[in-house]
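Below is one structure, written out as C-alpha cells; the observations come after it.
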Amino acid sequence: MSENALTRRSFLAGTAGVASLAAVGGFAGFNAWENAQAVEGAEKDLRLVHSLCNGCSSKCGFTAYTSKGKLLKQIGDLAHNDAQGKLCARGYGFANIAFSKDRLTDPLKRNDKGQFEKISWDQAYAEIADKLKEIIDGSGVESVALVHDPRPSGSYYGPRFMNALGSANIYTHGAACYASRKGGFKQVLGYGDWTSDVENSKMTMFIGRSYADGIKPSQLMSLQRAHENGSKIVLVDPRCNNTRPFATEWVPIKPGTDMALVLAMSCELVRTGNYDKDYVEANVEGFDQWWDYTRTCTPEWAEEITGVPADTICRLAADFAEAAPAASIEASWRAAFGCMYTNSGETARTVAIFNTLLGCWNQKGGAIFTPKPKWGDLDKSKFKSVPKVEAKPYGNSELKLGTESNCLMAAEGARKGDLKAMFFYNSNMVAGYQNPKYLGECLDNLDLCVVIDVQMSETAQHAHYILPECSYLERAEAPQLNGGMIPSISLRDQVLDVIHPNTRSCDKIYTELAEACGVGEYFQFTLEELSDAQLKSIGRSLDELRRVGTINLHDQAFKYGTKPKFSTDSGKIKFCNDAVLEYGYSAAPHWAEPSVAPNTDEYRLIAGKQSVQSHNQTVNVGTLMDISKEYGLERLWINPAVAEKIGVKDGDTVEMSNALHTGKIKVKVTERMSPWAVYMPSHYGCSVKEQTNAYNFGLRAMDFTEFRIEPGYGGSCNHENSVKLKKVNA
C-alpha cells in the first residue's frame, strides 16, 4: 500500500464519504435507515427492480427493493459504469421526491389573475394544440422551441415531437454546463470531449472540477485508487474543494486565469524540449504559428496574471513531462472552462493543445476517447420516419464554434419575439442557467409556455400550462445507451405504482400532445414496443435487460493505443484554427482577460456543487435539505484576509450586493478559500413558495450575474461578476 492509501478515517474526512452516510437518514447510517424502513412481512412480497437514479444527469443504475408498494432500499448496480455498486448521497435522498407533499398532481393553467388552476388533461391538450396552431399559422413553426434536460425517454420523444411539428429548435442545458469546453475541444481535435484515465495515470490535473462534489461513484473510486497508487493529483481552483483528501496538491489560482497557467505550462514544455516531438510532428498542424505566440507566455508572465508562482508552474510542467504519456489535464465540466467566463472556449483550446504536447491521446493513464454504442435501424412501418427538418436551430448561425444549439439564444429569441412558443421538459432554465430575472422576462414574452415537471419551479412560474409528470420511480423509460471503457445499455424500469393518479410519464405526455397537435402518426407505438425494438436492433431484448439492469457490450470495449481519427477538416490536430477569427479570437489561442474585473473593494463570486446537492432539482428534498441546514452548507466562503478587511468572523452575516441584487448570508471563514474570490453553492436561493423545504434558504448566485453569452462558443459566463460585502449591523 502506498503512502497515499486512504484509511477509513481519511476517506470519511472527504465530504463524499460523510455525506453518503449522512444522507441515508438521520445521520445514523444505512443500517438504521434500513431498519426504520422495515415492512412487516416484506420477505413474502419482496420485489427487485432495476432502475436509474435521477438526482443528477449521471443516471446511475441501481436495484430497488420494494414491498407492499414501499421502497425499502436501493443498491447501486455493480455492472453500471457510473455506479459500480454504489450510489451517492443524492441518489439515496432524491428517492424521497416521489413522496414529496410538494408534487404537482394535476395539469394547471394560469388564469387571467396570474394564478394557476386545475384543469383536465383533455382541456390542457386541446388548448395547447389550438394555441400552437395559431402560432404556427401566424409566425411559422420556426417560432416553436423545446428546452429539455433529457433523460432516456425524453431524449427520444422530445426531439421527435418537435421534428414532427417541423421545428429544429431543440435545446439542452449545454450553454450553462459544457458549451465552451466542447466547442474549444472541437476546434482543436474535431471531438467535443475526452475522458482522463485517472486510475491508471501518473499525473492528472483538475481545473475547477471536483469529483467529490459533483459525484459519480465510479469517478470517485477511480480517484481513490489513483491516489492509493501514488498518482499525482493536482487541483487548480480558487477554492480548496472537497476532492482535496484524494489530491497531492492544491494550487490556488485567480478565477478566470486558467488559460494563462496552461499557456505557461505549454511554453515551459516546449522551451525545455520535454514534449512529444514525434507525436506533434506526425499529428499537428499550425505548430510554428502557435509557438510564435506561446513562447512569450513564460511562467514569470503567468505568475502576475494567475497568482501561481513561476517556480510552481515550472515544476508542474516538469512533473507532467516526467509522467507523460500517462498524464493529462482532465476535461472538466461546468466550472472554470466549461462555460463560466468569456475566455472559457479559448481556455479549452489551450487545454486540448497541452494534452497533445504530452502525446497522451488514447494512452494508458492519459486522455482517451471512449466509444458510445448506437441503435440499429427500426422497422419504419411501425416507427414511421419523421420528415427531416432542413432549417437550423434558432441562434446557431451566431454561435458556430459550439457543438449544439444554444438555449440562451432561444431565450433571447423569446425576448425579441422571434420565438413565440416554448416547451420545457425537466428543465428549470430560469433558476439554473443564467440571470433569473432576465430569463423570466424572456419567457413572459412568449405567447405559449408549457412546462412538464414533477414540482413547481422558477421556470414553471412563467408557464401558461404545467403538465405534471410522475416521478422517475413511478415510470419506465426507453433504454439508455452509455459510452465508456466498456459501452453499455441500461434501463429505468418502474419501481413504484403511480402515486398521484393524474400524473403521467413523459412518453405518454408527448404522445398525447402529438395526437392533439395533429402529428400523432409518428407515435403509433408503446414505450415497451419502442424499447424492445431498439434493443433487438443490436441483438438484445427488453426481457434480458429487465433481468440484469445493465448489459455491458464487451465487444465494443475501448483499447489502449489505438490511434484516434481526429474529426477536423484536415484530420490533423489544429494548434491554429482560422474558424475562430470571425469572433475576434486569434488563430492560435492568445491570452484574454475575463470580461469583468472586480475593483479593489469587490470580489468575484464563484459557485459550484456540493456532494449532497447537485442543482436546484434536489434542494427541495427534505432529507437532503436537512443536511444542508444542519451543517450550514449555504454559507459564503471567504478567506481570513477578506474577513479581516470587512470586519467579520466565522458565522457572522454579511450583505452581499451588486447592481443586480442584494442579499444577506452567513459567512464561513476558511483558509480553503483564496483571497481573490468568494464561493457560494450554486443551488440554493429557491424563490418558489411551493417548494416548502427549499424556499428562501440561502442565496442564488445567478441573481448576481448579468445575462451574457460567450461569443462564438455560447457559454453562459456565470462567473463574470463582482460583488461587494459588508457586515450586517456594522
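Annotation: per residue accessible area for the chain equals 38 Å², rounded to a whole number [probe 1.4 Å, protein chains only]. Using a cut-off of 32 Å between Cα atoms, the listed pairs K437/K726; K216/K726; K374/K629; K254/K689 include K216/K726; K374/K629; K254/K689 as exceeding that distance. What is segment 78-228 by shape, rounded, prolate or oblate, if you read a ≥ b ≥ c off the alpha carbon gyration tensor as root eigenvalues and call it rounded for a/c under 1.5, prolate for a/b larger than b/c, and oblate otherwise? Verdict is oblate for segment 78-228. Of the Cα atoms belonging to segment 68-146, the radius of gyration and Dmax stand at 20.6, 53 Å.
Spatially, segment 108-131 and segment 242-294 are offset by 55 Å when compared through their Cα centroids.
So what is log10(I(q)/I(0)) for segment 195-368 at q = 0.09, 0.10, 0.13 1/Å, when the Debye sum runs over its Cα atoms only? The Cα Debye sum returns log10 ratios of -0.27, -0.33, -0.57. Protection proxy ranking, highest mean first, for peptides 408-421, 638-651: 408-421, 638-651, where packing is the per-residue count of other beta-carbon atoms within 10 Å, averaged. Distance between Cα centroids, segment 690-730 to segment 508-533: provide it in whole Å. Distance between centres, Cα-based: 39 Å.
Placing dummy labels 7 Å off each Cα toward the beta-carbon, the span from K382 to K649 is 7.1 nm. One way to sum up the overall shape of the chain is the equivalent ellipsoid from its Cα gyration tensor, whose semi-axes run 38, 30, 29 Å, largest first. Expressed as a whole percent, the accessible surface of segment 180-294 that belongs to carbon and sulfur atoms is 41, based on a 1.4 Å probe. As a ratio to 2.2 N^0.38 Å, the alpha-carbon radius of gyration computed for segment 602-727 takes the value 1.05. Taken over segment 524-652, the convex hull of the Cα atoms encloses 336 Å³ per residue.
The values are calculated or read from the model by the stated rules, or taken from the named source; none is laboratory data. Here the structure is a predicted model, which is why all the values come from computation and not from measurement. Counting neighbours? That spans all protein chains shown, and the Cβs are built from the backbone with ideal geometry, glycine included. Just so you know, the surface numbers come from the protein's heavy atoms only, side chains and all, with ligands and any DNA or RNA stripped out. Shrake-Rupley method; radii C 1.70, N 1.55, O 1.52, S 1.80 Å.
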